[in-house]
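Q: Please see the structure below; I have some questions.
What follows is calculated from the coordinates using simple rules that are stated; it is not laboratory data. Since we're looking at a predicted model, the values are computed, not measured. Please note: Cβ atoms are built from the backbone with ideal geometry, for glycine as well, and neighbour counts cover all protein chains shown.
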Amino acid sequence: MKKVLAILFLVFMFTNTQVNAMGLFYTDATYPVTATGMKVEDLSILKQGIASSNNILFLVETGDASIDTATKNGNIKKISHIDIQEKSVFIFWRGIKVIVYGE
């Protein structure tokens, strides 16, 4: 049993996750990826587009969490900034949302 847990731990630690922050057992974080420098006086008027993907046991990943898909989903022509929202539960499940804001 100890060997199985050690192997799972190593797989988890050395898997390329493409994120800034990640908890070992649980993650629920939102963080910025980029900003374009577009001048916006009132952030509440910005449109929002979301794209997402899900991963199960680091074996199967489905979805399209690309910036292009998020901009199409929000009908956005000019990007103001982009955030990433990540939720995960150990190696069992991980969900990524790309949230694009703009006009």
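Q: Say whether the condition of being surrounded by 14 or more Cβ atoms within 10 Å (Cβ to Cβ), over 13 Å from the mean Cα position of the chain (by Cα) and farther than 30 Å from Leu5 by Cβ is met by at least one residue in the range 85-101.
A: Narrowing the range 85-101 to residues surrounded by 14 or more Cβ atoms within 10 Å (Cβ to Cβ): 85-88, 90-91, 94-101.
From what is left, the residues that are over 13 Å from the mean Cα position of the chain (by Cα) are 90-91, 101.
Subsequent filtering for residues that are farther than 30 Å from Leu5 by Cβ retains 101.
Yes; the residues of the range 85-101 include at least one that is surrounded by 14 or more Cβ atoms within 10 Å (Cβ to Cβ), over 13 Å from the mean Cα position of the chain (by Cα) and farther than 30 Å from Leu5 by Cβ.
Q: On to the next question. Only residues that are at negative phi and assigned to a loop (DSSP other than H, G, I, E, B): list them for the range 58-88, please. Lay out the reasoning, then the answer.
A: The initial filter retains those residues of the range 58-88 that are at negative phi, namely 59-62, 64-74, 76-88.
Across the range 58-88, the qualifying residues are Leu59, Asp64, Ala65, Ser66, Gly74, Ile76, Lys77, Lys78.
Q: Taking the conditions exactly as written (surrounded by fewer than 12 Cβ atoms within 10 Å (Cβ to Cβ) and farther than 30 Å from Ala6 by Cα), does Ser44 satisfy them or not?
A: Here the answer is yes, as Ser44 does meet what is asked.
Q: Hey, another quick one. When the range 47-64 is examined, which residues are found to be surrounded by fewer than 18 Cβ atoms within 10 Å (Cβ to Cβ) and closer than 11 Å to Val100 by Cβ?
A: Within the range 47-64, Lys47, Gln48, Ile50 qualify.
Q: Something else now. So which pairs qualify, if the first residue must be in the range 67-95 and within 22 Å of Val40 (Cβ to Cβ) and in contact (Cβ under 8 Å) with a residue 40 or more places away in the chain, the second must be in a strand (DSSP E or B) and basic (Lys, Arg), the Cβ gap must be under 8 Å, and the two must be at least 6 apart or on different chains?
A: Ile84/Lys97; Gln85/Lys97
Q: Okay, moving on. Restricting attention to the range 89-103, and to residues there that are assigned to a strand (DSSP E or B) and of a type in the set (A, V, I, L, M), which single residue is farthest from Leu59 (Cα to Cα)? Break it down into steps so the answer makes sense when it comes.
A: Our first condition is that a residue be assigned to a strand (DSSP E or B); within the range 89-103, this holds for 89, 93-102.
From what's left, of a type in the set (A, V, I, L, M): 89, 96, 98-100.
Details: Val89: 14, Ile96: 15, Val98: 21, Ile99: 25, Val100: 27 Å.
Across the range 89-103, the extreme among qualifying residues is Val100.
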